[in-house]
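Laboratory data are not the source of any read-out in this text; all were calculated from the coordinates shown. Keep in mind it's a predicted model, so treat the numbers as computed, not measured.
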Amino acid sequence: MLGFIGNQFRKPSGLVGRVVSRIMVKGNSHEYDRLIPELDIKKNDRLLEIGYGHGMGVERIASYYDCNVSGIDFSELMFREASKRNRKHIQNKRVELYFGNFLTSELAQNQYDKVFCLNVIYFWDELDKPFSRIKSILKDGGLLCMYMAHRDLLNKVKFTKDGIFNKYDIAEVVDKLRFAGFKEISYNLENSGYIIKCRRSL
Ligand SMILES: C[S@@+](CC[C@H](N)C(=O)[O-])C[C@H]1O[C@@H](n2cnc3c(N)ncnc32)[C@H](O)[C@@H]1O
């Protein structure tokens, strides 16, 4: 049962997925409030969110900033929900949402100024491939910004105990970012969660 719930956070589907999505909208609103200003969004920036889920983050950005924001998510339910939430912005061509697995997608290289993700890193069983893919789609000097809960917090939550969640230590994430070739790596911890920032080197 706990494995079933953990899997719903990895890839929401069906009725339970809808409930999980509502929980995430409420539970992760503050994390989006924390992360979005860190993106330092400029006019005409091109952004990509990996694992947009319910689409709340994309919606906030499109509502308050003059930029283009895309997203990719491999849950069909989340694709439908996020598309509904962002209908107006999609019609205005400010938002583009893709349905697919980021790890196997064919996103064009060197196209984004900023890439971000919240609560997605746990579902990557290793970090070399995702980080190198992120680096390849960023423009030179482009920014990667991620939110990740502290492993102590994850360890307190029952449904993360099933092997679906990878509970990375911050030092390991920083090492892997460095190995992938990112520069200016920094992070800060607040309320048991990290905001991690780095740049694709010029
Ligand atoms: C825990 S939810 C987080 C949703 C939202 N970012 C938040 O913090 O509220 C993880 C999301 O990432 C998506 N996801 C996980 N791995 C993915 C992958 N490899 N490619 C695309 N989407 C992925 C899931 O479908 C899900 O919507």
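Just a few scattered comments:
- Separation of alpha-carbon centers, region 101-119 and region 6-49, rounded to whole Å: 15 Å
- Derived scalar couplings between HN and Hα for region 81-89 equal 5, 5, 5, 5, 4, 10, 3, 4, 5 Hz in order, rounded to whole Hz, by the Karplus curve 6.51 cos²θ - 1.76 cosθ + 1.60 (θ = phi - 60°), x for Gly and Pro.
- Residue-by-residue Karplus 3J(HN,Hα) for region 156-163, coefficients 6.51, -1.76, 1.60, Hz, glycine and proline x: 7, 9, 4, 6, 8, 8, 9, x
- Computed over region 2-200, Kirkwood Rh from alpha-carbon pairs, angstrom: 16.9 Å
- Taken along its three principal axes, the alpha carbon spread of region 105-202 comes to 41, 28, 19 Å, from the longest extent down to the shortest.
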